[in-house]
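Data first, discussion second: the structure below is written as structure tokens.
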Amino acid sequence: MNKMINIGVLISGRGSNLQAIIDAVEKGTIPAKVVVVISNDPSAGGLERAKKHNIPAVVIDNRNFKDKNTYELEIVKVLQQHKVELVCLAGYMRIVGPILLEHYEGKMINIHPSLLPSFPGLHAQKQALDHGVLITGATVHFVDSGCDTGPIIVQSAVPIKEKDDEETLSARILEQEHIIYPQAIKLIAEDKLKIEGRKVKLK
Ligand code: GAR
């Protein structure tokens, strides 16, 4: 039988990806438990989702810290208190700094609404529309020191339709995000992945 791994989820907003993770865990699809949800934004809707599922929901407001390092040290403290083994960034809109990386590199993943390495950073869906690509999508990747640059675990392609705007395209990408994020977490929770340089391979 697989060991259950402890997941900590970092959010900044509505938390629909958090919900997809919670649902997959509750269905028994992933051998894991969401042990804590941390938001840098006190108004993040995802905090309520966590509470509904009796998951500790912690606000660590970056604006209350003098710099990124002290802010991230507080996050690490809370993750360690809850014995987190895998950190999932789910709509976490802060750039990860050296403290979080030092503690969780190789154990921290992110979801991004484009087919990386295309369109990293903010407003990935608008970037894709403005560029005129015909296919975009979603990516789950390990977090490294760059912005959305780490080794890629799962991707899903989403064709762009003639009439798409940012809202309609974001909604179709989000459907794929909710599928591939639990898939990626399952692969890690079942200890099926290894990182070789830029590549993520099955063991
Ligand atoms: C998602 O589309 C996620 O991919 C994106 O923010 C949204 C969060 O939605 N993340 C980024 O753009 C990170 N660069 P959610 O709060 O409903 O999961």
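The values are calculated or read from the model by the stated rules, or taken from the named source; none is laboratory data. Quantities reported herein were computed from a predicted structural model and do not represent experimental measurements. Backbone-built Cβ (ideal geometry, glycine too); neighbour counts: all protein chains shown. Remember, those area values only see protein heavy atoms, side chains included, never the ligands or the DNA or RNA. Shrake-Rupley method; radii C 1.70, N 1.55, O 1.52, S 1.80 Å.
A few points about this structure:
- Qualifying positions in the stretch 83-93 - of a type in the set (A, V, I, L, M) and open to solvent by 30 Å² or more (accessible area, probe 1.4 Å): Met93
- Test for Ile153: is it under 27 Å from Leu47 (Cβ atoms) and touching a residue at least 60 places away in the same chain (Cβ under 8 Å): no
- Of everything in the stretch 99-124 that is open to solvent by less than 30 Å² (accessible area, probe 1.4 Å) and part of a helix (DSSP H, G or I), the residue that is farthest from the ligand (Cβ to nearest atom) is Ile99.
- Here the stretch 6-44 is the region considered, the condition is being more than 11 Å from the ligand (Cβ to nearest atom) and among the charged types (D, E, K, R), and the residue that is farthest from Val84 (Cα to Cα) is Lys27.
- Lone qualifier among Val96, Val154 - being more than 18 Å from Ala32 (Cβ to Cβ), crowded, with 16+ Cβ neighbours inside 10 Å and under 13 Å from the mean Cα position of the chain (by Cα): Val96
- When the stretch 153-200 is filtered for residues that are of a type in the set (Val, Ile, Thr), within 29 Å of Ile5 (Cα to Cα), part of a strand (DSSP E or B) and within 15 Å of the ligand (Cβ to nearest atom), the ones remaining, listed by number, are Ile153, Val154.
- The number of residues in the stretch 127-146 that are surrounded by 15 or more Cβ atoms within 10 Å (Cβ to Cβ) and not β-branched (Val, Ile, Thr) comes to 8.
- Here Val59 meets the list (1) over 24 Å from Pro42 (Cβ atoms); (2) in contact with a Pro (Cβ under 8 Å, 6 or more places away or on another chain) almost entirely, failing just condition (1).
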